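Presented below is the structure to which this report refers.
All of the numbers you see were taken from the coordinates with simple rules; none came from a lab. Computed from a predicted model, the values in this text were never measured in an experiment. Cβ placement follows ideal geometry from the backbone for every residue including glycine, while neighbour counts extend to all protein chains displayed.
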Amino acid sequence: MLLVCFVLPMVNMGLVSFRQGSFGAERNIWTLEHYRAFAANADFHRLLLHSTWIALLTAVVTVLLAYPVAYYLAFHAGRRRTTLLMLLLVPAWTSFLLRILAWKLILGSEGLLSVALQALGVLHEPRPLLLYTSTAVVVALVYSWLPFVAMPIYSTLDRLDQRLLEAASDLGCTPSKAFLRVTLPLSIPGVVSGFFYVFIPTLGEWVTPALVGGVDGVMYGNIIQDQFGRALNWPMGSLMSLVMLVAVLLLLGVFAWVARALHIDLGAA
């Protein structure tokens, strides 16, 4: 399944990146021109770095917000756990597009945020807040991915052997020290899983930036989409996609090396 649905399409995309054009006779001409054009285009490089930063920021913020949610569900929810889990997942059952459009309305001139600030006297007239900026992209993405990050962290915490915390308490650890020395280290696999669950798709995101990002919120994925859709330059679009894939694999390799050096068992996730 992985060979048919992932490896072969990637190989085909790699072959397309060497073609001179997308259609007609140009499809049969092999060239490195697109590679030279990409290497010479500093705007593509800056946009890739910017998108990587947005993806990292989104993943970190989502993990920081999801961890307390998962911790409460695992240790303090009690009988309400099932109900709270359902409430956490309900937004994910609705259309992703509708959720992003809802944020566009919230951040718009007549949106909830603008109206609330006018009522408080902070604003004197309706105006969009954060809309069509990179911040709006981060906010919308964090909201969308939060349930999906909370679940792997919750799963890891829920499997935690409670006797370890009892032993830490018997040995004189305060709750905060027990969390830092026992709970947090043992939950790292879930944290890592949630982090990459957000980071990898966010790096290639193009729908959310197109709806709430505007010119200032354009990401690398928007340029790839334009190459395939508007410009019909499939070789360049394929090349840019492969560059993004290589960037992700390099980051994964670096993290795996760090994880091995720190003796972090990623398989537990």
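Considering helices alone, the calculated mean residue ellipticity of the chain at 222 nm is -21500 deg cm²/dmol, with DSSP H runs of length four and up weighted by -39500 (n - 2.57) and normalised per residue. Here the stretch 103-185 is described by how far its Cα atoms reach on the three principal axes: 60, 26, 17 Å, from widest to narrowest. For residue 171 and residue 120, a Förster radius of 35 Å and the Cβ-Cβ distance give a FRET efficiency of 0.10, rounded to the nearest 0.05. When the alpha carbon gyration tensor of the chain is reduced to an equivalent ellipsoid, the three semi-axes, largest first, read 39, 28, 16 Å.
Could you give the longest part of the chain that holds none of the trypsin sites (Lys or Arg not before Pro) found in DSSP loops with at most 13 neighbouring Cβ atoms within 10 Å?
Values: sites that count: 159, 230.
Here the longest run is 1-158.
Per the Debye formula on identical point scatterers at the alpha carbon atoms of the stretch 163-236, with no solvent, log10 I(q)/I(0) at q = 0.11, 0.12 Å⁻¹ is -0.53, -0.56.
Please report, ordered by residue number, every helix of the chain (full DSSP H runs) that is 18 Å or longer along its axis going by C-alpha atoms and whose mean Kyte-Doolittle hydropathy reaches 1.0.
Numbers: long enough: 42-75 (49 Å, 1.31); 134-158 (34 Å, 1.32); 184-203 (27 Å, 1.61); 234-261 (40 Å, 1.89).
Helices meeting the criterion: 42-75, 134-158, 184-203, 234-261.
Summing charges over neighbours of residue 226, with a neighbour being any other residue whose Cβ is under 15 Å away from its Cβ, gives -1 when K and R count +1 and D and E count -1.
Restricting the calculation to Cα atoms, the stretch 78-137 yields a radius of gyration followed by a Dmax of 15.6, 46 Å. Summing Cβ point charges (Lys, Arg +1; Asp, Glu -1) relative to the Cα centre of the stretch 41-127 gives a dipole of roughly 400 debye.
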